[in-house]
Amino acid sequence: MRSDQVATIPVTVERIMRDPAFALGAADVRAGLPFRRQYDRWDTNTQWNYERGRAWALLAPRHVKIRGRDGKLSSAAVCWFRGG
């Protein structure tokens, strides 16, 4: 049985981490929350980035913030996304 895959394009770590869905996924995991009820209605990229945020939050130490006080992605957060 053959199934078609979703078309893919190259994307940067920073672009993924800037998606609000990424931060939402990370916040949900850190708060001990399950997947959002709306998840099934989100587009594929939003779902992927939400899941990436959830996975990141399981790996990165809790003190590592996604964004600094200046609103920019923190270098520590990007480092943890790339593998610590």
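Every number here is computed from the coordinates shown, using simple stated rules; none is lab data. Quantities reported herein were computed from a predicted structural model and do not represent experimental measurements. Cβ sites come from the backbone with ideal geometry, for glycine too, and all protein chains shown count toward neighbours.
Any chance you could give the angle, 0 to 90 degrees and rounded to 10, that helix 44-59 forms with the longest Cα principal axis of the chain?
40
Could you tell me how many degrees, from 0 to 90 and to the nearest 10, lie between the Cα long axis of helix 20-30 and the main elongation axis, the longest principal axis, of the Cα atoms of the chain?
Rounded to the nearest ten degrees, it is 70.
Could you give log10 I(q)/I(0) at q = 0.19 Å⁻¹ for region 1-46, computed by the Debye formula over C-alpha point scatterers of equal weight, without solvent?
After summing over all Cα pairs, the log10 values are -0.77.
Can you compute the modelled spin-label distance between Arg18 and Arg41, with each label point 7 Å from Cα toward Cβ, in nm?
Computed distance between label sites Arg18 and Arg41 equals 2.7 nm.
Helix-only estimate, please: 222 nm mean residue ellipticity of the chain, summing -39500 (n - 2.57) across DSSP H runs of length 4 or more and dividing by its residues, to the nearest 500.
When only DSSP H runs of four or more count, the value is -14000 deg cm²/dmol.
Only one of the listed values, (i) 47, 29, 21; (ii) 66, 28, 21; (iii) 36, 29, 24, was derived from the coordinates as Cα extents along the principal axes in Å; which label is it?
(i)
Would you tally the net charge around Arg52, using a Cβ to Cβ cut-off of less than 14 Å, leaving Arg52 out, and scoring K and R as +1, D and E as -1?
0
Run the dipole for the chain about the Cα centre, Lys and Arg Cβ at +1, Asp and Glu Cβ at -1, nothing else charged, and hand back the magnitude in debye, nearest 20.
300
Which Cα, out of Ala76, Pro10, Ala26, lies furthest along the positive dipole direction of the chain (beta carbon charges, K/R +1, D/E -1)?
Of the options given, the answer is Ala76.
Under 12 Å from the Cβ of Asp19, count the other residues' Cβ atoms, weight Lys and Arg +1, Asp and Glu -1, and hand me the total.
Local net charge: 0.
Determine ³J(HN,Hα), in whole Hz, for all residues of region 75-84 in sequence, where each value follows from phi through the Karplus function 6.51 cos²θ - 1.76 cosθ + 1.60 and θ = phi - 60°; x replaces Gly and Pro.
Per-residue couplings from phi come out as 5, 5, 5, 5, 4, 5, 5, 7, x, x Hz.
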